[in-house]
Amino acid sequence: MKTYSAQSGYVYQYFYEGHREYRAGGDGGAEFVFSVSSDRKTWHETAVLVSDAGVLAWQQSHARELSGTERYALAKIALFQAFDERGEPALMREAVKVRPSDIDGIVEALGL
């Protein structure tokens, strides 16, 4: 279990459950699943969706592939951004979608 102190003022506990493929509404990619709590009593799953289209666009524009570890890092940083931006813990029950435009910023922040 890890802890993240969000800019929203909440302190979250989370751990990584795993990942799986997803397909929905013509979109698809990797769904990274985290168990999340803001009170250490109640836990729920939060999915972080990293679209194949967004990753492919990044890879084509940078002429290299993102490894599985790098894709996990994208998901984890996107989870942290959601912790920071969503005003209350109940909103963390909704999936976090990594938009293609988010990938550049996250990769740059990670120094990849």
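Since every read-out is calculated from the coordinates, none of them should be taken as a lab result. Computed from a predicted structure; not experimentally measured.
Miscellaneous remarks
- Span-like helix ranges in the chain, DSSP H, alpha carbon extent 18 angstrom or more, Kyte mean at least -0.5: 68-85
- Highest mobility in the GNM of the chain, judged by mean-square fluctuation with C-alpha springs under 10 Å and restricted to Glu45, Glu17, Glu31, is found for Glu17.
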